[in-house]
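Participant: The structure that follows is given in the form of structure tokens.
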Amino acid sequence: MSVYNYIQDTITKKGAGFLVLIDPDKTNGSRLQKFIETCDKSGVDGFLIGGSLMLGTNLKDSIDIIKQTSTKPVVIFPGSISQVLPTADALLYISLISGRNAEQIIGKHVMAAPIIKETGIEPISTGYMLIESGSVTTAEYMSGSKPIPRNKPEIAAATALAAEYLGMKMIYLEGGSGAEMSVPKEMIKLVSSSCSVPIIVGGGIREPETANAKVKNGASIIVIGNHFEDEYNWESVKDFAEAIHVRHRAFV
């Protein structure tokens, strides 16, 4: 089964999917293994790995650790062409459709395409949209793109629909790593009702109740990253899984 089909199957069976985003610069080595073990027994559906800015060289080793510890898919969330590695199960082929920087919409993709084909890694075409979150995030700064205003859900919906018509398989609404505010539920609801492809929501989600609200308003996949960089928060992984998997267990 392809990773994309696995994601679709997970959404169908559980109501929504739960992916954890790993920054190899911040969680690696034995600490990463311990965290993956926690995720694996707590109901996480898969792992994203990568980021807009990576200063270290831990990506390959971190992918290997996840693969050795869990059977759940490992999907690269690339911030640059150098993050395309064949050892992962798939790669989000991200186009920053919310911006107007041609390099982030198609330029980098032309350079990456031959590498992706050579490695044989599964590309999942994803329309990536930065949403205003209260402060300048790393993704916004590194991409040179302004986010969509959080009070303009109609812009997000029209942009997402255009991406679907262009053939993209998923839409990613991103508040940004460590965002002050998460993507508004009104925006998620309008985007999800306008499109028929899965809607990923990440950034600024720190409580299971918040994750549950995103799912109830149309999110197909919830991504949590920065929140779990604090080991103290690992005990809440299961609570997030139960809040996100709305067809497995009602959230109270």
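Participant: For the subset of segment 57-80 comprising residues that are assigned to a loop (DSSP other than H, G, I, E, B) and touching a residue at least 60 places away in the same chain (Cβ under 8 Å), which member is surrounded by the most Cβ atoms within 10 Å (Cβ to Cβ)? Even if it seems obvious, please write down each step before you answer.
Facilitator: Step one: list which residues in segment 57-80 are assigned to a loop (DSSP other than H, G, I, E, B), which gives 57-58, 70-73, 78-80.
From what's left, touching a residue at least 60 places away in the same chain (Cβ under 8 Å): 73, 79.
On the way: 73: 23, 79: 18.
Filtering first and then ranking leaves 73.
Participant: Here's something else I'd like to know. Considering only segment 156-195, how many residues are crowded, with 18+ Cβ neighbours inside 10 Å, hydrophobic (A, V, I, L, M, F, W, C) and not in a loop (DSSP other than H, G, I, E, B)?
Facilitator: 11
Participant: State the number of residues belonging to segment 128-161 that are under 16 Å from residue 187 (Cβ atoms), of a type in the set (S, T, N, Q) and in contact (Cβ under 8 Å) with a residue 40 or more places away in the chain.
Facilitator: Of the residues in that region, 2 qualify.
Participant: Let me ask something else. For residue 147, which of the numbered conditions (1) within 16 Å of residue 244 (Cα to Cα); (2) in contact with a strand residue (DSSP E or B) (Cβ under 6 Å, 6 or more places away or on another chain); (3) modelled with pLDDT under 95; (4) not hydroxyl-bearing (Ser, Thr, Tyr) fails to hold?
Facilitator: (1)
Participant: What do you reckon, is residue 242 acidic (Asp, Glu), in contact (Cβ under 8 Å) with a residue 60 or more places away in the chain and more than 18 Å from residue 22 (Cα to Cα)? Let's see the steps before the verdict.
Facilitator: On the way: acidic (Asp, Glu): yes; in contact (Cβ under 8 Å) with a residue 60 or more places away in the chain: yes; more than 18 Å from residue 22 (Cα to Cα): yes.
Considered against the rule, which asks whether it is acidic (Asp, Glu), in contact (Cβ under 8 Å) with a residue 60 or more places away in the chain and more than 18 Å from residue 22 (Cα to Cα), residue 242 comes out as yes.
Participant: Among the residues of segment 1-31, which ones are part of a helix (DSSP H, G or I) and under 22 Å from residue 244 (Cβ atoms)?
Facilitator: Our first condition is that a residue be part of a helix (DSSP H, G or I); within segment 1-31, this holds for 3-14, 29-31.
Within segment 1-31, 3, 4, 5, 6, 7, 8, 9, 10, 11, 12, 13, 14 qualify.
Participant: Here's a follow-up. When residues of segment 128-155 are filtered for being crowded, with 20+ Cβ neighbours inside 10 Å, part of a helix (DSSP H, G or I) and either among the acidic types (Asp, Glu) or within 17 Å of the chain's Cα centre (by Cα) (or both), how many remain? It would help to see each step written out before you state the result.
Facilitator: Taking segment 128-155 first, the residues crowded, with 20+ Cβ neighbours inside 10 Å are 128-133, 137, 139-140, 143, 145, 147-148, 153.
From the residues that got through so far, the ones that are part of a helix (DSSP H, G or I) too are 139-140, 143, 153.
If we keep only those that are either among the acidic types (Asp, Glu) or within 17 Å of the chain's Cα centre (by Cα) (or both) too, we end up with 139-140, 143.
So the answer is 3.
Participant: Filter segment 1-50 for residues that are over 15 Å from residue 71 (Cα atoms), buried (at least 16 other Cβ atoms within 10 Å of the Cβ) and of a type in the set (S, T, N, Q); which is modelled with the highest pLDDT?
Facilitator: 8
Participant: For segment 81-110, which positions are in a helix (DSSP H, G or I), modelled with pLDDT under 95 and aliphatic (A, V, I, L, M)?
Facilitator: Correct list: 81, 102, 105, 106.
Participant: Same structure again: Identify, by number, the condition in (1) within 19 Å of residue 39 (Cα to Cα); (2) at pLDDT below 95 that residue 139 doesn't meet.
Facilitator: So the condition that residue 139 fails would be (1).
The values are calculated or read from the model by the stated rules, or taken from the named source; none is laboratory data. As the structure is a computational prediction, the values presented were derived from the model and not from experiment. Note: ideal-geometry Cβ built from the backbone for every residue, glycine included; neighbour counts use all protein chains shown.
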